[in-house]
1. Got a sec? Which helices (runs of 4 or more DSSP H) wholly within region 155-214 have at least 1 residues that are modelled with pLDDT of 90 or more and more than 21 Å from Pro72 (Cα to Cα)?
2. Select from region 76-111 the residues that are of a type in the set (A, V, I, L, M), within 15 Å of the chain's Cα centre (by Cα) and buried (at least 19 other Cβ atoms within 10 Å of the Cβ) and list them in ascending order.
3. Can you tell me which condition Ala132 does not meet? The list is (1) out of contact with any strand residue (DSSP E or B) (no Cβ under 8 Å at 6 or more places or on another chain); (2) in contact (Cβ under 8 Å) with a residue 40 or more places away in the chain; (3) away from ligand 1 (no atom under 13 Å from the Cβ); (4) hydrophobic (A, V, I, L, M, F, W, C), and all the others hold.
4. All but one of (1) surrounded by fewer than 19 Cβ atoms within 10 Å (Cβ to Cβ); (2) within 14 Å of ligand 2 (Cβ to nearest atom) hold for Ala175; which doesn't?
5. If the Cβ limit is 7 Å and pairs must be 6+ apart or interchain, which residue in region 20-48 that is of a type in the set (Asp, Glu) pairs with which residue that is more than 16 Å from ligand 1 (Cβ to nearest atom)?
6. Filter region 69-107 down to the residues that are without any contact (Cβ under 8 Å) to a residue 60 or more places away in the chain and closer than 17 Å to Met42 by Cα, then identify the one that is nearest to ligand 1 (Cβ to nearest atom).
Amino acid sequence: MTQTQISREQHIAAASVLARQHPALRIVREEHERLAAIVHGMRYLLRTVEETGAQPNLKVFRAMLLYISEYPERLHHPKEDLYLFAPLRRHTREYDATLLELEAQHAQGEALVRRLEHLLARYEFGGAAEFAPFREQVGHYADFYFRHMRLEEEVIFPALREHLSAEEWKEADRAFSANDDPLAGKELKQSFERLFTLIVSITPAPMGLGPALQ
Ligand SMILES: [Fe+2]
Ligand SMILES: [Fe+2]
């Protein structure tokens, strides 16, 4: 489950060109790739469980859910709202409907993850009979969140590039940069790095570095 694999799968050429030009966009894209890596890992594991009947260590799913719950909520979405969506709105009304939709999706995403946590708990205590609803909801969440990220990269990235001032880019670049995050701070970023490393280390091979399911 490396970022390179995911980025190949999720590659969007236009976004990549833009991302090279502005550190903020490059970092948003990297954060998307992190989230995509976790969601892909979750889907892959569920497919393996379904096909082989193997018993997964549910700690992996709990760690993955913790990541896709807290990372967007505490780190990713607040910065998008404040440093990208807000300045774009100040320059043009053209993207108002899309920005409203994206902001609503930030809240919806959080609600979907709460539902996933609930279904995982049911699977944990209810056994195989509760597997299907969890798996279906993961599929639903994956489709939803991939659509969200694509909308940002394909519609909002070009709009930002067209409208934001040099001063606004400077502020956005600083906000998204790894060592100087005014909202989250260095500590929080590092705690997510550790959680990501843990997930990779306990996810069964070949997606992660943990022992393969059997
Ligand atoms: Fe977003
Ligand atoms: Fe995003």
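The values are calculated or read from the model by the stated rules, or taken from the named source; none is laboratory data. Predicted, not measured: the structure shown is a model, and the values here were computed from it. Here the Cβ positions follow ideal geometry from the backbone for every residue, glycine too, while neighbour counts run over all protein chains shown.
1. Hits in region 155-214: 157-163, 166-176.
2. Matches in region 76-111: Leu102 only.
3. Going through (1) out of contact with any strand residue (DSSP E or B) (no Cβ under 8 Å at 6 or more places or on another chain); (2) in contact (Cβ under 8 Å) with a residue 40 or more places away in the chain; (3) away from ligand 1 (no atom under 13 Å from the Cβ); (4) hydrophobic (A, V, I, L, M, F, W, C) one by one, Ala132 breaks only (2).
4. Failed condition: (1).
5. Cβ pairs passing all conditions: Glu33/Gln3; Glu33/Ile6; Glu33/Ser7.
6. Only one residue tops the list, namely Pro72.
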